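Visitor: Below: one structure in structure tokens.
The values are calculated or read from the model by the stated rules, or taken from the named source; none is laboratory data. Values in this document were obtained by computation on a predicted structure and should not be read as measured data. Heads up, the Cβs are rebuilt from the backbone with ideal geometry, glycines too, and the neighbour counts pull from every protein chain shown. Accessible surface areas use protein heavy atoms only, side chains included; no ligands, DNA or RNA. Shrake-Rupley method; radii C 1.70, N 1.55, O 1.52, S 1.80 Å.
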Amino acid sequence: MTDVIVVGGGVIGLTAAIRLLERGHTVTVWSADDPLDTVSAVAAAAWYPTRIDENPQVATWAAATYREFRRQLEAGVPGLLLRPTRNLLREPIRELPWWAGAVDGVQLRDGSHPYAQELHFLAPLAEMDVYLGWLAGRVEEAGGRFERRRVRTLADAEADVVVNATGLAARELAGDPAVHPARGHIVLVENPGISGAVRDSAGGTYVHPRSRDVVLGGTFEVGRGDFAPDPAEAAAIVERCVALVPELAGAKVLGERIGLRPSRHGGPRVEACGKIIHAYGHGGAGMTLSWGCADEIADLAG
Ligand SMILES: Cc1cc2nc3c(=O)[nH]c(=O)nc-3n(C[C@H](O)[C@H](O)[C@H](O)COP(=O)(O)OP(=O)(O)OC[C@H]3O[C@@H](n4cnc5c(N)ncnc54)[C@H](O)[C@@H]3O)c2cc1C
């Protein structure tokens, strides 16, 4: 039985820990922060490979994660919703996008001005305050241990296998200058009774209804790593979202969140390097790729 320490208790670390436990490893998760204080907890957490370039590995992870969410939805896992989603396209396309193969029944329809076309599909969405708690509970039920602990270097973790799922901190911990923040800002409003999600991916605007509120997004500022509040930015997000979904006009603002996506030039890194398995750099798609990456991490652990 292999002894594994997973450094990182966000969505990447927790899903990896679950898959490793399912394969019979002894697993301890070390996390500097409570899961609810991670970037993962800020995510709108809709299944969609935001700003992730196509490659066969990413396509495999996205498809495996989509299937796993559909399975978990059937099983009634808490915090998961399935939303009819309209992806608005300004320019017409002839072929479906690369990620469409991961999703059952993507339909391309005519759009209405200023949009040329719309992609319609069903997208899983996680309410991360609930779902991360469920993931942490699954780790413990499967015999894993969770410890609040911050490493100075990955060498602090003495185990047969160490999974580096430290998100943005991997820039220092793995000495990887390709890792950088991409600041994201979302606004939460009362749900006026909508259940369909809408995205204008080119404009970076999205509306994700949840059970208790609606997530309005967003921003994606590559290289910006601060949490400074920005009321003008929040107002602009609301305005763009109301333009997409007029029912949102006047919806009471419940709060806002700012998070730093752990982006990486060249895409996510999931790779074994001696006894360390690196698993970071998921940018705006950590939830979308999580279970597929977790499968790969478990394969790499042997
Ligand atoms: C506004 C916003 C909206 C988003 N929307 C979506 C979306 O709709 N869909 C989607 O798929 N993704 C979305 N994302 C992206 C998603 O949140 C990230 O890709 C994902 O959370 C990354 O997960 P992670 O586990 O790698 O990192 P994190 O959640 O940042 O977790 C990193 C973990 O490492 C730990 N750690 C760091 N340093 C140390 C150390 N020295 N010692 C010990 N532990 C350490 C931290 O405590 C934490 O537990 C969004 C992000 C933002 C900000």
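Yes/no per residue for (1) over 26 Å from residue 294 (Cβ atoms); (2) modelled with pLDDT under 95:
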| residue | (1), (2) |
| --- | --- |
| 63 | no, no |
| 67 | no, no |
| 73 | no, no |
| 84 | yes, no |
| 88 | yes, no |
| 93 | yes, no |
| 114 | yes, yes |
| 119 | yes, no |
| 123 | no, no |
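Visitor: Now a separate question. Does any residue of the stretch 177-188 turn out to be closer than 28 Å to residue 78 by Cα and at pLDDT below 95?
Guide: No.
Visitor: Under 8 Å between Cβ atoms, at least 6 apart or on separate chains: pull out the pairs that start in the stretch 217-238 with a residue that is crowded, with 17+ Cβ neighbours inside 10 Å and end on any residue that is at pLDDT below 95.
Guide: Pairs that qualify, where the first residue is crowded, with 17+ Cβ neighbours inside 10 Å and the partner is at pLDDT below 95, are 217/204; 218/204; 219/204; 220/50; 220/51; 220/204; 237/218.
Visitor: Which pairs turn up if I take residues in the stretch 23-37 that are open to solvent by 60 Å² or more (accessible area, probe 1.4 Å) and look for partners that are of a type in the set (Gly, Ala, Ser) and within 8 Å of the ligand (Cβ to nearest atom) with beta carbon separation below 6 Å, at least 6 apart in sequence or on another chain?
Guide: Note: no pairs meet the criteria.
Visitor: Give the stretch 233-253 a look and list any residue that's among the aliphatic types (A, V, I, L, M) and under 14 Å from residue 205 (Cα atoms), or say none.
Guide: Of the stretch 233-253, the ones among the aliphatic types (A, V, I, L, M) are 234-238, 242-245, 248-249, 251, 253.
Within the stretch 233-253, 234, 235, 236, 237, 238, 242, 243, 244, 245, 248 meet the criteria.
Visitor: Quick check on residue 66: is it in contact (Cβ under 8 Å) with a residue 40 or more places away in the chain and open to solvent by less than 20 Å² (accessible area, probe 1.4 Å)?
Guide: Yes, satisfied.
Visitor: I need the full set of residues from the stretch 202-245 which are more than 13 Å from the ligand (Cβ to nearest atom) and at positive phi, in order please.
Guide: Selection gives 223 alone.
Condition check ((1) more than 9 Å from the ligand (Cβ to nearest atom); (2) within 26 Å of residue 210 (Cα to Cα); (3) part of a helix (DSSP H, G or I)) across all residues:
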position: 24; (1), (2), (3): yes, no, no
position: 28; (1), (2), (3): yes, no, no
position: 33; (1), (2), (3): no, yes, no
position: 50; (1), (2), (3): no, yes, no
position: 54; (1), (2), (3): yes, no, no
position: 57; (1), (2), (3): yes, no, yes
position: 65; (1), (2), (3): no, yes, yes
position: 72; (1), (2), (3): yes, yes, yes
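Visitor: Next up: Of the conditions (1) loosely packed, with under 14 Cβ neighbours inside 10 Å; (2) polar (S, T, N, Q); (3) within 27 Å of residue 20 (Cβ to Cβ), residue 107 clears all except one; give me its number.
Guide: Residue 107 satisfies every listed condition except (3).
Visitor: Let me ask another. Which count do you get for residues in the stretch 246-272 that are within 14 Å of the ligand (Cβ to nearest atom) and of a type outside the set (Ser, Thr, Tyr)?
Guide: 13
Visitor: Among the strands (runs of 3 or more DSSP E) lying completely within the stretch 92-190, list those that include at least 1 residues that are near the ligand (Cβ under 10 Å from one of its atoms).
Guide: Per the criteria, 117-126, 145-148, 161-164, 179-189.
Visitor: Any idea how many residues of the stretch 239-267 are assigned to a loop (DSSP other than H, G, I, E, B), within 20 Å of residue 284 (Cβ to Cβ) and open to solvent by 60 Å² or more (accessible area, probe 1.4 Å)? Talk me through it step by step, then tell me what you get.
Guide: Taking the stretch 239-267 and keeping what is assigned to a loop (DSSP other than H, G, I, E, B), we get 245, 249-252, 265-267.
Narrowing further to those that are within 20 Å of residue 284 (Cβ to Cβ): 265-267.
Applying the additional criterion that residues be open to solvent by 60 Å² or more (accessible area, probe 1.4 Å) yields 265-266.
Within the stretch 239-267, residues that are assigned to a loop (DSSP other than H, G, I, E, B), within 20 Å of residue 284 (Cβ to Cβ) and open to solvent by 60 Å² or more (accessible area, probe 1.4 Å) number 2.
Visitor: In addition: Can you list residue pairs whose Cβ atoms sit under 6 Å apart, with the first residue in the stretch 269-287 being under 27 Å from residue 131 (Cα atoms) and the second being of a type in the set (Lys, Arg) and within 8 Å of the ligand (Cβ to nearest atom)? Count only pairs 6 or more apart in sequence or on different chains.
Guide: 283/261; 284/261
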